[in-house]
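Before any comments, here is the structure.
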Amino acid sequence: MSEHHLRRLVIMRHAKADWPGGIADHERPLEERGHREAPLAGRWLLKHNIVPDFILCSSALRTRQTCTWVCSELGDKAPTPKLEDGLYAASALRMLTVINHVPDTVTTLMLISHLPGVQDLAMHLASRDSDHDAYMDAATRYPTNALTVLETEKSWAELDGQDARITRFKVPRAH
């Protein structure tokens, strides 16, 4: 596998959100735990040298806040996120369509969105040579702040299904 042509996709579910009454789902903010844990995802990415050069983020408030915390941890290495209305309440196939339009110059793409789409997307893309433990973890639970890292040799436009290898699944938590 040529490292030169390898692309990485990081699929993240937003951090823990609040359920205040009287506001639309799209405007739900992170709760206190979410604000504590979202930065840990950025720290984990840095520690493992998985730094996105492009971030697609759902336009919902809780995903935008998660993205802000992740980018604050990435510091100077953080790209300017692209907000996508189409990632809010999106199916896995809708998310994949958005990914298929990412420029080939992007080598590490991060997508921050919602259940069930993020989990369904990870399972849809997972190839048979995925890391077994990471695959099983992503398949059985996808809590808030969860990250799935996949690798593929295909271009973003060619990504279709069962053609990306899950290498890691992580849920950064505050202790």
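In region 33-45, the residues that are aliphatic (A, V, I, L, M) form Cβ pairs under 6 Å with partners that are assigned to a helix (DSSP H, G or I) and open to solvent by less than 40 Å² (accessible area, probe 1.4 Å), at six or more places apart or across chains, as follows: A38/T66; A41/V70. Is region 148-157 home to any residue that is more than 26 Å from R64 (Cα to Cα), open to solvent by less than 40 Å² (accessible area, probe 1.4 Å) and out of contact with any Ser or Thr (no Cβ under 6 Å at 6 or more places or on another chain)? Yes, region 148-157 contains at least one residue that is more than 26 Å from R64 (Cα to Cα), open to solvent by less than 40 Å² (accessible area, probe 1.4 Å) and out of contact with any Ser or Thr (no Cβ under 6 Å at 6 or more places or on another chain). You will find that of D137, D120, the residue that is among the charged types (D, E, K, R), farther than 15 Å from S58 by Cβ and assigned to a helix (DSSP H, G or I) is D137 and no other.
The values are calculated or read from the model by the stated rules, or taken from the named source; none is laboratory data. As the structure is a prediction and not an experimental result, all values here were calculated from the model. All Cβ positions, even for glycine, are placed from backbone atoms using ideal geometry, and neighbour counts span all protein chains on display. Keep in mind that these areas ignore ligands, DNA and RNA; they rest on the heavy atoms of the full protein, side chains included. Shrake-Rupley method; radii C 1.70, N 1.55, O 1.52, S 1.80 Å.
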